[in-house]
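The values are calculated or read from the model by the stated rules, or taken from the named source; none is laboratory data. Source: prediction; values computed, not measured. Ligands, DNA and RNA are excluded from the accessible area calculation, which covers all protein heavy atoms including side chains. Shrake-Rupley method; radii C 1.70, N 1.55, O 1.52, S 1.80 Å.
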Amino acid sequence: YRPRWIAFMGMYVGVYGFNNPNLENDRQDYDSKVYVCPTAPQRADERNSSYGYNYQFLGNARMRDGKYFRFPVKQSWVTAASSTVVAADCIGTAANYPVEERTAYENDGKSLSGLSNHGWTLDPPSLNINSDRGTGDVASPRTAVDPRHNTRSNAVFTDGHVETKTPEDFGYARDKFGVYLDSGSNVYFSGKGVNLPSPNKP
């Protein structure tokens, strides 16, 4: 059992995510409304939640060669606190699907095209086709910020300030269908283990 970031955060801020934490279940719905976006109240499952955190840079608990990679991250390692995102509104793995192909939120998170599927992890804009991403599984789509607040996303930075920006202001690139693109690339990761030409490429 590896509690998600919000479950850990509760003990530091005195607002707990669960009334009765279940140590054998990492798929509980948050009881505290503090951890659920009012704009997307149905996205309450701790794996498929409203908010994702900067998993790649601030505490990746996936193992490489039998060791955790940058986990936990020390505060002194963050050299640009005012520009490093801690957490933000997250669309989950639906980021890799055209807007018209994204499906409704599902609590069980089985559909990669579902809004906020694996939304607890927020992938940064600068991924390439070989980067760790999304669920961490082979051929997983990436995750990204969710512009669900009048085309903007809210984010908190490591120095404590909060900003509301468009995905492009955060550094993400999207094609004309809304698919989030990999950095410096005109291809998108299809979620099926194949990199395809971006749909907006002539």
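Rounded to the nearest whole Hz, the Karplus-based 3J(HN,Hα) values (6.51 cos²θ - 1.76 cosθ + 1.60, θ = phi - 60°) of region 151-160 follow the sequence 6, 10, 10, 8, 9, 10, 9, 5, 8, x, with x at glycine and proline.
Of ASN154, ASN60, ASN107, the residue with the greatest mean-square motion in the GNM of the chain, using alpha carbon springs below 10 Å, is ASN60. Both the radius of gyration and Dmax for region 60-105 are 15.8, 42 Å, in that order, over alpha-carbon atoms.
The length gained on full extension between VAL13 and SER32, counted as 0.36 nm times the residue separation minus their Cα-Cα distance, comes to 5.6 nm.
For region 1-46, the calculated P(r), taken from all Cα-Cα distances in 10 Å bins from zero up to the bin holding the longest distance, is 29, 58, 13 percent. Couplings 3J(HN,Hα) for region 48-53, derived from phi with the Karplus relation 6.51 cos²θ - 1.76 cosθ + 1.60 (θ = phi - 60°), are 10, 9, 5, 10, x, 10 Hz, where x marks Gly and Pro. Average accessible surface for the chain: 52 Å² per residue, computed with a 1.4 Å probe over protein heavy atoms with every protein chain in place. The length gained by stretching the chain between ALA81 and GLU168 to full extension, at 0.36 nm per residue less their Cα-Cα distance, is 29.3 nm. The HN-Hα couplings worked out from phi for region 30-38 by the Karplus form 6.51 cos²θ - 1.76 cosθ + 1.60 (θ = phi - 60°) are 5, 7, 6, 6, 4, 9, 10, 5, x Hz, whole numbers, x standing for Gly and Pro.
Taking amide H positions as modeled 1.01 Å from N, with prolines and chain starts lacking one, the residues under 5 Å from ALA173 and 5 or more places away or on another chain are LEU181.
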